[in-house]
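Right, one structure below, let's go through it.
Please treat every number below as a calculation from the coordinates, not as lab data. Since we're looking at a predicted model, the values are computed, not measured. Reconstructed Cβ throughout: ideal geometry from the backbone, glycine too, with neighbour counts over all protein chains shown.
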Amino acid sequence: MGIEDSAVAKGDPVKQFSLMLENRIGAMHSMIKLLNDSKVHVLGFSIQDSFDVTILRLVVSDPELTETLFIEKGIPYVVNEIVVIQLSEGAASLGPCLATLSVAETNIHTSYPLNVSNEGWTLVALSVEDADFASTALQNGGFKLLFQSDLSR
C-alpha cells in the first residue's frame, strides 16, 4: 500500500551537494567563490560543524556545471536528491507540512531554508528517507513542490 496519485507533478529532483571542508576560516567562502566565479548561484546551504571538519550542504542553480567544477578541481562530493517545498502561508505552513510527513511515516534527515523565490514564497529544502514517496505525500497533502528546473536560472 503506497501513496500514488497520477495528478502529482513530476520533474527532475533537486540535487543537494554535500562536501567536507576543513574547519578553518574562509573554507566556505572559497567554495562559494569558486561557484560564483562560474556563475553558479548558491540557493541554499546548511553547515554541520565539528572540531576538525565541516559538512557543507548546497543547493545550486546549475548542478551539472557544479559537478564539472568539482571533478575538475578534485573536490570530493556526494549528491542526494532532496524535496523542496513552497510554504504558501510562510511559517504557518510548516506545521501542516510536518504533519503530512508524520502521517506518511517519513523521517527528515536535514532541512534548511532556501533563498526566497522570485515570487516571494518561502522555500524549504528537506532531505528525507525516500524523496519520491515524500514528494507524492506532500503533493497529495496540497503542498507545491519545486523541481530543479524551477530553481535553475
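Return the ratio Rg/(2.2 N^0.38 Å) for segment 43-110, where Rg is computed over Cα atoms only.
1.44
Per-residue 3J(HN,Hα) values for segment 53-64, derived from phi via the Karplus relation 6.51 cos²θ - 1.76 cosθ + 1.60 with θ = phi - 60°, read 9, 10, 9, 10, 10, 10, 10, 10, 6, 9, x, 5 Hz in sequence order (x marks Gly and Pro). Derived value for segment 14-79: Kirkwood hydrodynamic radius 11.9 Å. Basis is the mean of 1/r over every pair of different alpha-carbon atoms.
So what's the convex hull volume per residue for the Cα atoms of segment 83-151, in Å³? Before the final figure, lay out the partial values.
Values: hull volume 5.5 nm³, N = 69.
Value for segment 83-151: 79 Å³ per residue.
Whole-Hz Karplus values for segment 46-52 come out as 9, 10, 10, 9, 9, 4, 10 Hz, taken residue by residue from phi with 6.51 cos²θ - 1.76 cosθ + 1.60 and θ = phi - 60°; glycine and proline positions read x. Each peptide among 100-107, 74-81 gets the average number of other Cβ atoms lying within 10 Å of its residues, and from highest to lowest they stand as 100-107, 74-81. Between the C-alpha center of segment 7-26 and that of segment 41-99 there is a gap of 3 Å.
Built from the Cα atoms of the chain, the convex hull projects on average onto 9.9 nm², one quarter of its surface area.
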